[in-house]
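Have a look at the structure below, then the notes.
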Amino acid sequence: YAWGMDVVMPVARRGANEQYRMGITLLDSLDTLWIMGLKEKFYVALDWVKNDLVFNTQEVSVFETTIRALGGLLAAYHLSHEAVLLEKAEELATKMEPAFNTPTGFPKSTVRLSDGAAWCPSWSSNSASFSEVTSLYLEWNYLSKLTKKPHFKQRVDKIMDSMIHMDTIQGLYAQWVNVDSAKFTSGDITLGSRVDSAYEYLEKAWRASNRERKDIFDEYLARIDSVVEQLVKQSDPNGFTYIQQCTFGKGKCHGQFDHLVCFAPAMLALGAQEESNPKAEEHMKLAEEITETCYEAYRRMPTGLAPEIIKFDKGTDFYVADADTHNLLRPETVESLFVMWRLTHDQKYRDWGWKIFKSFQQWTKVDGAGYSSIKNVKITDKSQRQWRDHTESFFFAETMKYLYLLFEDDNVLPLETYVFNTEAHAFPIHDEDTRERISSSS
């Protein structure tokens, strides 16, 4: 009922198009289908890519289109070696590339695919979301490897250079940055919205570069030092570890903790595996502690599903404001559970993931139609349940994929040889072909 549309609306049993108008849910789901062994469905989707996917007049977010569409096409190509997927990926990147024509290399937020015109929000004084302009390395680097065209990699190398040399705010990142000057302009200091994957991609770009760019990992370690020193806090009375948020300029800090921040344990744990990390033990311990906090946000809710935001300001560990009770089917916590399981094999991470999966099944599944985000994780009377009637593509690309991989063998997309982009699309770190182990396991 939503075939070829961007968004699935399972309650109404219809689809809708957003900015992309390129079947973004389908593109984001291709590698999930392959990994789960749903090859028949994969090839039906591939026919749509061959016959119906067109990049023309769309005005799209460079970041979202990179992580979802470009990342999805590249990961699916790696698994299937279907040439059309790489062809479409290169076409899409070529049409987005003019957005990168800035002094810093930070791309403008939005690009029109028909002519390459690009711009930042009109109110922003040529500023863009910091995470969006700095979280592109994995996709463009891998495209460059596959096409043997260095200009794609040069685009994101320049971004990394600008990140490493720009001024921070006491060692931390803020939400909005001028794409011409690389100066922060406004927004909170956070590991949540509009900043999160900037930190994430420092650690991941280091591994994706086959550990050749030590300056990237040095930058990661320096930024994490600042996070630990200034933002990591413990709650009262039970001592749950969380990462606080501060206003621009660090004038005031508060206990807002977005679900988005639950990516951090996976990042910290992966970074702790690096021999060149002098604080690996500290980072691993912090990863374990924050993972527990993220799981508690699920466990303490009546539905077993976490809200969008929890707050630690009232001395009762955490509470949920009325405006923050919704659940968008987000993947960050299960991503961290997957990584923590792979690295420690502590059974509790699988147990926690299974409970979260069962809660998704009980409270967000729409009979015969899919899964929908919900408005209130505190309501357990199904007659009062409030559907948002919207399924973000990341539910298929990330949430379900990480839950599946949590219970798969370690040799399926092993963390030693793959790096996952911020949309859970896995790219091989080395050049050798590792597709067979995924195919044979399905």
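Here are the numbers for this structure:
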quantity	calculated
Extension gain (nm, one decimal) between Asp324 and Ala280, 0.36 nm per residue minus Cα-Cα	12.5 nm
Theoretical FRET efficiency, 1/(1+(r/R0)^6), r = Cβ-Cβ of Glu416 and Glu87, R0 45 Å, to 0.05	0.90
Farthest positive-ward along the range 296-360 dipole, Cα basis, beta-carbon charges - from Gly353, Phe318, Pro331	Gly353
Computed log₁₀ I(q)/I(0) - Debye formula, equal Cα scatterers, no solvent, the range 358-413, q 0.19 Å⁻¹	-0.74
17 Å cut-off, amide nitrogen to a point 7 angstrom out along His254 Cα→Cβ, residues in the range 172-204	175, 187-194
Value of [θ]222 nm, deg cm²/dmol, for the chain, DSSP H segments ≥ 4, -39500 (n - 2.57) each, nearest 500	-13000 deg cm²/dmol
Net length gained if the chain between Thr247 and His430 were fully extended (0.36 nm per residue, minus Cα distance)	61.8 nm
Count of Lys pairs (Cα-Cα under 28 Å; at least 8 positions apart or interchain) in the range 60-198	25
Cα gyration tensor shape of the range 116-268, rounded if a/c is under 1.5, else prolate or oblate by comparing a/b with b/c	oblate
Assigned charges on the beta-carbon of Lys, Arg, Asp, Glu; the range 1-49 dipole about Cα centre (debye)	180 debye
Difference of contour (0.36 nm per residue) and Cα-Cα distance, Thr57 to Arg300	82.9 nm
Residue (of Tyr404, Trp3, Ala118) at the positive-pole extreme of the chain, dipole from beta-carbon charges	Trp3
FRET efficiency, 1/(1 + (r/R0)^6) with R0 56 Å, evaluated for Thr380 and Asp215 via beta carbons	0.65
Lysine pairs in the range 304-430 with Cα atoms under 18 Å, if 8 or more residues apart or on separate chains	13
In Å, descending, principal axis extents of the Cα set of the range 143-210	39, 23, 18
Sparse-neighbourhood loop sites, chymotrypsin sites (Phe, Trp or Tyr not before Pro) in the range 1-54 - DSSP loop, at most 13 other Cβ within 10 angstrom	Tyr1, Trp3
Estimated dipole of the chain in Debye, rounded to 20 [Cβ of Lys and Arg +1, of Asp and Glu -1, Cα centre]	900 debye
Electrostatic dipole magnitude of the range 296-357 [Cβ: Lys, Arg +1; Asp, Glu -1; Cα centre; debye, to 20]	240 debye
Fluctuation leader among Asp367, Asp180, Asp28 - the chain, Gaussian network, Cα springs under 10 angstrom	Asp367
20 Å-binned pair-distance histogram of the chain (Cα, whole percent)	26, 62, 12
Share of carbon and sulfur in the accessible heavy-atom surface of the range 159-308 [1.4 Å probe, %]	43 percent
Per residue accessible area in Å² of the chain, where ligands, DNA and RNA are left out and the probe is 1.4 Å	37 Å²
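The values are calculated or read from the model by the stated rules, or taken from the named source; none is laboratory data. This one's a predicted model, so the numbers in the text were calculated from it and none came from an experiment. All Cβ positions, glycine included, derive from the backbone under ideal geometry; neighbour counts span all protein chains shown. Side chains are part of the model used for accessible areas, which takes the heavy atoms of the whole protein and leaves out ligands, DNA and RNA. Shrake-Rupley method; radii C 1.70, N 1.55, O 1.52, S 1.80 Å.
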